[in-house]
Every structure is written in C-alpha cells, then in structure tokens.
1. Restricting the search to segment 109-167, which residues are in a helix (DSSP H, G or I), under 16 Å from Trp34 (Cα atoms) and out of contact with any strand residue (DSSP E or B) (no Cβ under 9 Å at 6 or more places or on another chain)?
2. Please find, within segment 47-105, the residue that is surrounded by the fewest Cβ atoms within 10 Å (Cβ to Cβ) out of those that are among the hydrophobic types (A, V, I, L, M, F, W, C) and in a loop (DSSP other than H, G, I, E, B).
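Values in this text are rule-based calculations from the coordinates and carry no lab data. Note that the structure is a prediction, hence the values are computed from the model and not measured. Counting neighbours? That spans all protein chains shown, and the Cβs are built from the backbone with ideal geometry, glycine included.
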Amino acid sequence: MWGGLGLALVLCLLPGGGTENQGSRAHCKEPPGWQIEETSPMQNSRGSVTVVALLQDLRVKLENEGLVNISYMVVNHQGIHSQLKIHTLREKVSENITVYQQSETQTDVWTTLNGNKDDFLIYDRCGRLVYHLGLPYSFLTFPYVEDSIKIAYCEYKCGNCSYMVFS
C-alpha cells in the first residue's frame, strides 16, 4: 500500500509543487475541525508529522531511514458499503496505523477535508497542511507520497515550527 510514497516527492520538484489537488490551495493552514464519533484525531497530532490517508509498509521503510515520530491514520468512507468492509481495511493496514470509521450520521470528514478516495493529507509538526495529494499522485507505486512526507519531516515548507526536532 505504501510503495508509491516517493511519487509525492517527485511532484514536489515540479514548478508550483504539483502535489496538491487542483482545487485545494490550503498549504500551511490549520486543518478544519473534524472528528470520528467522540475522537478528534488531529487534536493531539502536534509534535509529529501526520499523514491522513482517505482510504505496508511505508511506515517501516521511513523508520528504517530514521524518520520516526510520524503518525499515520486512515479515515474510511462514510457510506454503508465502506462500513461493511472496515474489518478488511483494518486487516490490510499495519496495526500501527489507526483506521477510523465514520458513522452515517456525522459530518462527513472527507467533505470537510475537501478530499476524495485515495487522497493523502500530510501535515507538519505544527498541524499545518503541507501537501494534499490526490490521484494519480497518491498511487503508492510512485514516489510522491513518500517524498512529501520527507519534506514535511525535514524541511520548513510552512515556516518555523516550535515542535521541530533537531538531530
């Protein structure tokens, strides 16, 4: 699933970044408030780069490269068909990746995030959106997602962050 993370980084090298959805120009802004039932996953994400996948192991690959303290989460679609397949989704991702299931009665997180199926939203340590990758840039067989995570982890794309860790 995570094999194409590098696709994101290659897009970053294109003029204008090339990695965000065309309709989303929300770089370096706080995410909109969203929650799954009583949980607000982004609320406690400060201090770590956060990857929100709207859908193994990239996490392991990045940790082996020394990139630690990255939070991964998946927000499953709100529809009944997706709800019925939540167990299959949880089996497909690492036990270290939280999978959230929306209820049909709550405000749709995907809509709140201006997201679509297979999108990746990558936030810096201060909780600012660094990249919003949609298809085809979110295919994990390409380097864009991985590269975007590395940029969020290693660079100051959105300016200084008090949570930046120096090694």
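1. Thr111, Thr112
2. Only one residue tops the list, namely Val68.
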